[in-house]
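Chemist: After the C-alpha cells below, expect a handful of questions from me.
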Amino acid sequence: MSSAMQFTLIGFGIDPDYQIDIINELDFANAIYGITQVAGLHNNSKAFLFRDVGRAVHAPAHITEKVVELFRSKSEFTFLASIQQKTSTSGVIFSIHESEHRIYERVIDPPQMDLTLGSGVWLGQHSHKHGLFKGTIQDVKLIFAPNSYITQCPNLNRCPTCSDFLSLVQGIMDLQELLAKMTLKLNYAESRLTQLESCRCERTCSANGVVYRDKELWVEPENCRNCGCMNGVVECRRIFCPPANCSEDSLSVHVEGTCCKKCRPKCTYMAQTLSEGQRLLTKRCTECKNGMMVRVTENCPELNCTLKEQILPENRCCNICKGYDFCAEGLICGENSECKNRNTRAECECKSGFASIHGDSTYCEDIDECVTQMHYCQANTACVNLLGSHRCDCLPGFIRVDDYSCTEHDECASGQSSCDDNAICTNTIRGHLCSCKPGYVGNGSICIAFCEEGCRSGGTCVSPNTCVCPSGFTGLHCETDIDECAEVLIQCHIHSRCVNLPGWYHCECRNGFHDNGSYLIDGSSCIDIDECATQTHTCWNDSVCVNLPGGFDCMCTSGPACSGDCLYEEGLKHNGQKWNHSLDHCSLCSCKDGRTFCMRRECHCADPETDLFCCPECDSRKSSQCLHQSGHILYRSRDSWIYSCQQCRCLEGKVDCWPLACPVLACKYSALVEGECCPHCVTDPCLADNIANDIRQTCQDPAGITRLSSATWPMPGSPCTTCKCKVTAITHILPDTDTHTQNADTHRST
C-alpha cells in the first residue's frame, strides 16, 4: 500500500507545551539510530526513511513522561503525520505500550487515555522487533487541545458547522444557474459567428508600402519576380526566362538592369572563348569588344604581398593577393543565391533547399522536397513544403516523437511505460523501448544493479558496484569476515574461548571443560570436567590422578612402577622424551606418563628450511596458487576463504572445500537468517524454521473452522491479512487485553 498524507501544522492559539514534535525530539536526543534522513514530501521539515532493518526508534524518557502525562490529563488529542509507505508492506506508524507483544491484527477502537508511567513511545514500530514500518515519515506531532485538527487548515479559525455546508450548497446551486445562462449566451454568439463566416470579405495585400487588391498582379524588377495577392497572402514567382538561342558568334550573358540573359558578341583567342568585356593577358592586356580582341592599357595597383602570394584572376590583366574578396566587387546574385569566393573569381551559389534555373546559379528556385520525394518524413506524418525547406506535420490523432516521426501516444511522458525505475524509456512510433541505465542489467522492464565482482557471503548488490553486506561481513564485496574474536567485540567466559564463524562467533568450552546443559551464549555455562572421577585421565601404573581446573595431574607415590616410561618398537622411551616417527617423518612422538602420543609437526612458514611436503600451506610458488570459484581472485597455498557456506583452502594448487561446522543449538526453535550459514536460536516459534508440520495437529480459526497444520487462509473481512496454522501457540494483541489462542498464526500482507 502506498499512501501520502500531508498535514500542515500552524497551531492557531495552541499552547506550545501541548504540542510535541516527535521527530525533532528524537533528533535532539540522538535516538534516530537505524533510520536515514532523506528528502521528504516537502522541504519545510526533516524527514526520515525507515528501512526493513533492525532498529529501535523510541522517545527519550523525559518525552515519554510528558506524553503519558498529557494523555492522562487531557480528554482529546490529535495525531498528525506525513507518510509515504513502501509498496506491499505493513507496519506500525506510532505506538505507546507497556510490555513486549507481537501484533498480528489491529482494530481501531476508542483510544485509552489513562496510560501508566512505564509506557514507551515508539515511532515506526510497535516495539524492539515487531511492526516495523517501511517508508518515509515526516511531520509527526501530537497536539493535546480541543479541535486541534483545525491546524491542518490555515485559513480556518473554527470548526466548520452545518450552516457552513448549507451555504456551500447554495453557492454551488447559484453557480449552476449562472452556468446555464452563460451557455445560452454562448450558443447565440456561435450562431452569429456562423452567419458572419458565410459572408465573403475581400482580403488585400501590402508589399513595399503599396496595397494591392485580391488577385492583383505586379512585377518586382529589382528581384526579377512576378507577384500576386492571393486571399490576403503575397505569392511571388521568379520571372521565367526563355532560352537565349544565341548564334554561333555570340554568347548569352547577364546584362545589368535585366533579369534574363542577352546575346552578346563573343571572342575566340588562342582556343579560349571570351564574352563581351572579358580581358586576357598575353604579352599585353586585351579585351573582347564587339566580337574582336582589342588592346587596352590598364594601370595595375601596387600590391602589399610577395610575388609568391600573388595570383592572376580569370579574365583579368592585373595580379591580386591571395584571399582577395571578389564578392566585394558587387557580383549580383538573386535572393535565393549568395556570392561565394573561389580561388580566382566570384560566382553565385544556390542556398540550401534551392536549385539553379537552367543551370545558372545566379537565380535559383525553391526545391519542393515533398513532390521530389527528397524529404525525411516518416509514418503518421504529412510533408509540407516550405521556402528552402520542408516540415513534417503529425496526422490528426498522433503526437510528435521527433522532427520527422509521430506516434499514437507517448507512454514515456505519460508514465504508462513498462520500464523499470532504473531504465531509460525511449518513445517509438509503435510503442516504446526500455533500456537499463549504466550500471544495471536486465531487459528494461526489470533492471537490477550490477556489481562487476559480485557480492559474496550473501551480500546484496543494491546499486552499481555497491554491496550491502549481511551481519558479520564487511569489505567492498562482502569478502571479509568480521572476526569478532580478534576485534574484541564480545567477551566469552574464562572457561570458554571465542571461535570465529563466518558472519558470527561462538563461545566454545576450553579443553577440560564442558557445558552444563544450559548453553549460555557467553560460555558461562562451561564447567570443569573431573577426569579422575570419569576415568578419562592417562595416569600410568601406580601414579595417582589429581583433578585440576581444566585438566588433571598424575602424582607418583612410591615404587619403580611409577616412572611413566613408554615402550616403543621393542625399545624404551623415557617419560617426557620426544622423537621422530619411524614411518612418517612429518610426525613427532612423545612419551607422557607411560603413554605414547604422536602428532603432526608444527609448520613455521617463516623458516626457509620448512619441509614443504609436511607443510604444503607454506608453499608460495605460483604453480601452487589457486583461483577463486568466481575466477577473480588468486590465492596462495595455505590461504583460506568462505564460499557458499563452505570453508575452502588452497593446498599445492588444489582447492579443498568442506561444509562449515555450525555449533549445536540446544534451544527448541531456531531460524536461518538470509545470507548467513548457521542458524540462530529464536524464542518466537512463528519465526522458526525447524518446526515440523504434523498433519495430525489442527487449528481452530476465529470462525470455528478446523484447519490442518501448515494450512493458510485469508482472514474474513480483512483481505490484507493471511493466517497460517502452526503446531504452536501464538498471541494476538488486542486493545487493553491479552488473548492467547492455540495454533493460529496471523500475518499482515499487502
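Chemist: Assess whether P702 counts as being in contact with a Pro (Cβ under 9 Å, 6 or more places away or on another chain), open to solvent by 50 Å² or more (accessible area, probe 1.4 Å) and at pLDDT 50 or above.
Modeler: On the way: in contact with a Pro (Cβ under 9 Å, 6 or more places away or on another chain): yes; open to solvent by 50 Å² or more (accessible area, probe 1.4 Å): yes; at pLDDT 50 or above: yes.
Judged against the criteria, P702 is a match.
Chemist: Kindly establish whether K262 is touching a residue at least 12 places away in the same chain (Cβ under 8 Å), basic (K, R) and touching a Ser or Thr at 6+ places or on another chain (Cβ under 8 Å).
Modeler: Yes; evaluated as a whole, the condition is true for this residue.
Chemist: Looking at G594 and the list (1) over 23 Å from P659 (Cβ atoms); (2) among the small types (G, A, S); (3) loosely packed, with under 15 Cβ neighbours inside 10 Å; (4) touching a strand residue (DSSP E or B) at 6+ places or on another chain (Cβ under 7 Å), which single condition is not satisfied?
Modeler: For G594, the failing item is (3).
Chemist: Oh, and also: Any residue in the range 507-517 that is open to solvent by less than 30 Å² (accessible area, probe 1.4 Å), modelled with pLDDT under 85 and within 30 Å of G576 (Cβ to Cβ)?
Modeler: Scanning the range 507-517, I find no residue that is open to solvent by less than 30 Å² (accessible area, probe 1.4 Å), modelled with pLDDT under 85 and within 30 Å of G576 (Cβ to Cβ), so the answer is no.
Chemist: Suppose we filter the range 621-636 for residues that are of a type outside the set (S, T, N, Q), free of Cβ contacts under 8 Å to residues at least 60 places away in the same chain and open to solvent by 50 Å² or more (accessible area, probe 1.4 Å); how many remain?
Modeler: The qualifying residues number 5.
Chemist: Still on this model: Sort through C260, C199 and tell me the only one that's out of contact with any strand residue (DSSP E or B) (no Cβ under 8 Å at 6 or more places or on another chain), modelled with pLDDT under 85 and surrounded by 13 or more Cβ atoms within 10 Å (Cβ to Cβ).
Modeler: One residue alone meets the criteria, C260.
Chemist: Taking the range 53-73, which residues are modelled with pLDDT of 80 or more and open to solvent by less than 60 Å² (accessible area, probe 1.4 Å)?
Modeler: Passing the criteria: V57, A59, P60, I63, T64, V67, V68, L70, F71.
Chemist: Could you list, in sequence order, all residues of the range 427-443 that are over 27 Å from T466 (Cα atoms) and not aliphatic (A, V, I, L, M)?
Modeler: Within the range 427-443, N427, T428, R430, G431, H432 qualify.
Chemist: Then there is this: So which of R237, R203 is closer than 26 Å to H254 by Cα and basic (K, R)?
Modeler: Details: R203 fails: closer than 26 Å to H254 by Cα.
Going through R237, R203 in turn, the sole match is R237.
Chemist: What residue, of C618, C589, C667, C657, is open to solvent by 40 Å² or more (accessible area, probe 1.4 Å) and either within 20 Å of P470 (Cα to Cα) or free of Cβ contacts under 8 Å to residues at least 24 places away in the same chain (or both)? Steps first, please.
Modeler: Values: C618 fails: open to solvent by 40 Å² or more (accessible area, probe 1.4 Å); C589 fails: open to solvent by 40 Å² or more (accessible area, probe 1.4 Å); C667 fails: either within 20 Å of P470 (Cα to Cα) or free of Cβ contacts under 8 Å to residues at least 24 places away in the same chain (or both).
Selected residue: C657, the only one of C618, C589, C667, C657 that is open to solvent by 40 Å² or more (accessible area, probe 1.4 Å) and either within 20 Å of P470 (Cα to Cα) or free of Cβ contacts under 8 Å to residues at least 24 places away in the same chain (or both).
Chemist: What are the residues in the range 466-479 that are open to solvent by 70 Å² or more (accessible area, probe 1.4 Å) and touching an Asp or Glu at 6+ places or on another chain (Cβ under 9 Å), if any? Can you show your working first?
Modeler: In the first step, residues of the range 466-479 are kept if they are open to solvent by 70 Å² or more (accessible area, probe 1.4 Å); the result is 468, 471, 476, 479.
If the condition is that a residue be open to solvent by 70 Å² or more (accessible area, probe 1.4 Å) and touching an Asp or Glu at 6+ places or on another chain (Cβ under 9 Å), then S471, L476, E479 are the ones that fit.
Chemist: Something else: In the range 425-464, which residues are closer than 27 Å to T381 by Cβ and open to solvent by 80 Å² or more (accessible area, probe 1.4 Å)?
Modeler: Those that are closer than 27 Å to T381 by Cβ and open to solvent by 80 Å² or more (accessible area, probe 1.4 Å): R430, L433.
Chemist: Inside the range 375-389, can you point out the residues that are part of a strand (DSSP E or B) and either without any contact (Cβ under 8 Å) to a residue 24 or more places away in the chain or surrounded by fewer than 18 Cβ atoms within 10 Å (Cβ to Cβ) (or both)?
Modeler: A382, C383, V384, N385, L386, S389
Chemist: Give me the strands (runs of 3 or more DSSP E) completely within the range 400-493, filtered to those with at least 2 residues that are touching a helix residue (DSSP H, G or I) at 6+ places or on another chain (Cβ under 9 Å), ordered by residue number. Walk me through it before giving the result.
Modeler: Values: elements: 423-428, 431-436, 440-442, 447-449, 460-463, 466-468.
By residue number, 423-428, 431-436.
Chemist: Right, next: If I482 meets every condition in (1) within 30 Å of S640 (Cβ to Cβ); (2) among the β-branched types (V, I, T); (3) open to solvent by 60 Å² or more (accessible area, probe 1.4 Å) apart from one, which number is that one?
Modeler: Status for I482: all satisfied but (3).
Chemist: Take the range 220-239 and flag every residue that is loosely packed, with under 15 Cβ neighbours inside 10 Å and more than 22 Å from S356 (Cβ to Cβ).
Modeler: M230, N231, G232, V233, V234 - these are the residues of the range 220-239 that are loosely packed, with under 15 Cβ neighbours inside 10 Å and more than 22 Å from S356 (Cβ to Cβ).
Chemist: Between a residue in the range 214-234 that is touching a residue at least 40 places away in the same chain (Cβ under 8 Å) and within 28 Å of E338 (Cβ to Cβ) and any residue that is among the acidic types (D, E) and open to solvent by 30 Å² or more (accessible area, probe 1.4 Å), which pairs come within a Cβ distance under 7 Å, given they are 6 or more apart or on different chains?
Modeler: N223/E335
Results for (1) surrounded by 12 or more Cβ atoms within 10 Å (Cβ to Cβ); (2) on the phi > 0 side of the Ramachandran plot; (3) acidic (D, E); (4) part of a loop (DSSP other than H, G, I, E, B), shown as yes or no for each residue.
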position	(1), (2), (3), (4)
N304	no, no, no, yes
E349	yes, no, yes, no
S356	yes, no, no, no
C364	yes, no, no, no
D368	yes, no, yes, yes
Q373	no, yes, no, yes
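The values are calculated or read from the model by the stated rules, or taken from the named source; none is laboratory data. From a predicted model like this one, the values you see are computed outputs, not experimental measurements. For neighbour counting, all protein chains shown are included, and Cβ atoms are generated from backbone atoms with ideal geometry for every residue, glycine included. Heavy atoms of the whole protein, side chains included, go into the accessibility calculation; ligands, DNA and RNA do not. Shrake-Rupley method; radii C 1.70, N 1.55, O 1.52, S 1.80 Å.
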